[in-house]
Amino acid sequence: MATALTKTTISRAGVDLAATATAADATGNNWTNTGGEILFLKNGGGSSITLTLAFGPGAVVDGQTPTNKTVTVAAGKEFLVGPFPVSIYNDTTNLMNVTYSGVTTVTVALLSYTPNT
């Protein structure tokens, strides 16, 4: 079962990504998605990994049922991915689900932002 990620709110004080990131779970990760989250991923390994972003049931884009979105992260690279629109990515329990083709030396952090009003 996927491990839930804890959100870290981005603020003017900054976010220490090295301290915030945790090991990616071999079964995947998830979180309660509000549409205001960004996933940080660091691939510390020697080969590329593929991040799979699961679309929710009933997701439709331009009248078509999409296949899950994939993002390739090269060896030694850091990536930010998101935000994730709730109408497309949330499952039936309002979770966003991600899986990884490999997790050795992969760390992730979930960042949340609140736009200024």
**Asked** Could you say whether any residue in region 71-82 is hydroxyl-bearing (Ser, Thr, Tyr) and without any contact (Cβ under 8 Å) to a residue 12 or more places away in the chain?
**Response** no
**Asked** Going by the structure shown, is Ala75 of a type in the set (Gly, Ala, Ser), under 20 Å from Ala24 (Cα atoms) and buried (at least 17 other Cβ atoms within 10 Å of the Cβ)?
**Response** no
**Message:** Considering only region 19-39, I want to know if a residue exists there that is at pLDDT below 95 and surrounded by fewer than 13 Cβ atoms within 10 Å (Cβ to Cβ).
**Reply:** yes
**Message:** I'd like to know if region 96-105 contains one or more residues that are within 25 Å of Ile10 (Cβ to Cβ), among the aliphatic types (A, V, I, L, M), modelled with pLDDT of 95 or more and over 13 Å from the mean Cα position of the chain (by Cα).
**Reply:** yes
**Request:** Could you check Asn43 against (1) in contact (Cβ under 8 Å) with a residue 60 or more places away in the chain; (2) surrounded by fewer than 20 Cβ atoms within 10 Å (Cβ to Cβ); (3) over 10 Å from the mean Cα position of the chain (by Cα) and say which number it fails?
**Result:** (2)
**Message:** Please go through region 50-75 and give me each residue that is outside any loop (DSSP other than H, G, I, E, B), over 11 Å from Val108 (Cβ atoms) and at pLDDT 95 or above, ordered by number.
**Reply:** Thr50, Thr52, Leu53, Lys69, Thr70, Val71, Thr72
**Item:** One residue from Val98, Val103, Val108 being surrounded by 15 or more Cβ atoms within 10 Å (Cβ to Cβ) and in a loop (DSSP other than H, G, I, E, B)
**Value:** Val103
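The values are calculated or read from the model by the stated rules, or taken from the named source; none is laboratory data. Computed from a predicted structure; not experimentally measured. Positions of Cβ are generated from backbone atoms using ideal geometry, with glycine treated the same way; all protein chains shown enter the neighbour counts.
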